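*Asks:* Right, I'll just put the structure down here and ask away after.
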Amino acid sequence: MKNYLRSAHIAFWALAAACFALPSPALAQEEVADKSPAEILAAAPADHWLPIPLTDLMILTLPDTADGTKRQAVIQLLPAELSGGHVRNVRTLARTRWWDGTKIYRVARDFVTQFGGNPDAKTLPKGLETVPESEYYNAALGAKRDADMAALQAAADYSNEYQGTNIRPLMKMIYENGGAQKVGFGGGWPIGSKTIDGETKYYPLTCRGSLSPAHYDPPDTGSGSEISVITGEAARSLDTTFGMVGRVIDGLEHLQNLPLGTDPGGFYADKSQHIKIQSIQLASELPLAEQPAYEYLASYSPALLQYIEAHGGYGNICTVPTPIMKVSK
């Protein structure tokens, strides 16, 4: 029986400050408590803001609205060293402009917006990989998460001891209720792990804004041509049941604020309701003047802990995502 829970969360957008102060000493705890999330980000050291490689970005464009409003979403793919065949397939699909003219055919409230191969049945480009379920996991994700979290702990300990702060450890502020045994940030990504047959496995978490390949019954994991964009927190149930290839870092509203499908599962009842995708292309293939630039707050920055705490310090690791901002070149 076909499984139409075709997956995919981020996105996310942190309330990033429009401009940044010069690097400053860590704030005392009583001062941090009085600052808003945006003010904490503005006070973060400039070198704690790291560039997102242009080669990891895709641009999804929908037709303008009736009043001329532009509709674009910026997607960040998992970097090559932290991912596998699904991401390579997605890069191939974008490079060949395969998605141009395909449709959004499912919009389920607080769950997913789904687009791609079905119902267009386009011939797929050559060279796509058959991806096994084992590639839902990636040991490099765990290595990156653990290295960044160890560096964050060391930075927080140093700041607490020598600069008089009282920065709380991450997991005293965030509890995990989505099935992972241990979570943390690595390279700006939320990463979980669990033990399977005595071995620790690491995987990217399916948070709001994530992109996940649709598929039918296992062991089919999908080619990556059909994608679901996660638009609700409940989709954490898709962790390791589907792959995760990236996240929307800007313009998620254009994929979320669409007419809801009325058929079961949020599918559109009639093809006339389908929403055409104008294009999905790699950002590196845009004219130089149109290439976007984004930065994220380093996972080892104590400002990340302060930022999370300023939001109330509760929820799961997806509740307050890694701060990301668009920058001028």
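*Asks:* Provide the per residue accessible area, probe 1.4 Å, for region 177-303, rounded to a whole number of square angstrom.
*Replies:* On the way: 4790 Å² over 127 residues.
Value returned for region 177-303: 38 Å² of accessible area per residue.
*Asks:* Run the quick spin-label model on residue 97 and residue 216: label points 7 Å from Cα toward the beta carbon, then report their separation in nm to one decimal.
*Replies:* 3.1 nm
*Asks:* I would also like to ask the following. Please go through the residue pairs 126/271; 70/329; 201/329; 70/122; 144/326 and name each one whose alpha carbons sit more than 32 Å apart in this structure. Could the numbers behind the result be given before it?
*Replies:* On the way: 126/271 28 Å; 70/329 21 Å; 201/329 38 Å; 70/122 27 Å; 144/326 24 Å.
Cα-Cα > 32 Å for 201/329; rest within.
*Asks:* Rg and Dmax of region 183-273 over Cα atoms: what are they, in angstrom?
*Replies:* 15.0, 50
*Asks:* Given a 1.4 angstrom probe, I'd like the percentage of the accessible area of the chain that is carbon and sulfur, rounded to a whole number.
*Replies:* Details: 7680 of 14380 Å².
Carbon and sulfur together cover 53 percent of it.
*Asks:* Rounded, prolate or oblate: which fits region 171-329 when a ≥ b ≥ c are the square roots of the eigenvalues of the alpha-carbon gyration tensor, with rounded for a/c under 1.5 and prolate only if a/b beats b/c? Mind dumping the intermediate values first?
*Replies:* Numbers: a/c = 1.69, a/b = 1.18, b/c = 1.43.
Taking the square roots of the gyration eigenvalues as a ≥ b ≥ c, region 171-329 is oblate.
*Asks:* With a 1.4 Å probe and all protein chains in place, put 86, 311 in order of accessible area, largest first.
*Replies:* Numbers: 86 10, 311 70 Å².
Accessible-area ranking of 86, 311, largest first: 311, 86.
*Asks:* Treating each Cα of the chain as an identical point scatterer and ignoring solvent, apply the Debye formula and state log10 I(q)/I(0) at q = 0.11, 0.15 Å⁻¹.
*Replies:* Computed log10 I(q)/I(0) values: -0.69, -1.23.
*Asks:* Using DSSP to define loop residues, name the GluC sites (Glu not before Pro) in region 230-318 whose beta-carbon has at most 12 other beta-carbon atoms within 10 Å. Don't skip to the end; give the middle numbers.
*Replies:* Values: sites: 233, 253, 285, 290, 295, 309; in loops: none.
When the GluC sites (Glu not before Pro) of region 230-318 are filtered for loop state and at most 12 Cβ neighbours within 10 Å, nothing remains.
*Asks:* Sticking with this structure for a sec: Using just the alpha carbons, could you tell me how many Å³ per residue the convex hull of region 164-219 encloses?
*Replies:* Working: hull volume 8.4 nm³, N = 56.
Measuring per residue, one finds 150 Å³ for the Cα hull of region 164-219.
*Asks:* Give me the base-10 log of I(q)/I(0) for region 73-222 at each q in 0.14, 0.15, 0.18 Å⁻¹, Debye formula, one uniform scatterer per Cα, rounded to two decimals.
*Replies:* -0.84, -0.93, -1.20
The values are calculated or read from the model by the stated rules, or taken from the named source; none is laboratory data. Since we're looking at a predicted model, the values are computed, not measured. Quick reminder, even Gly has a Cβ in these numbers, built from the backbone with ideal geometry, and neighbours come from all protein chains shown. Accessible surface areas use protein heavy atoms only, side chains included; no ligands, DNA or RNA. Shrake-Rupley method; radii C 1.70, N 1.55, O 1.52, S 1.80 Å.
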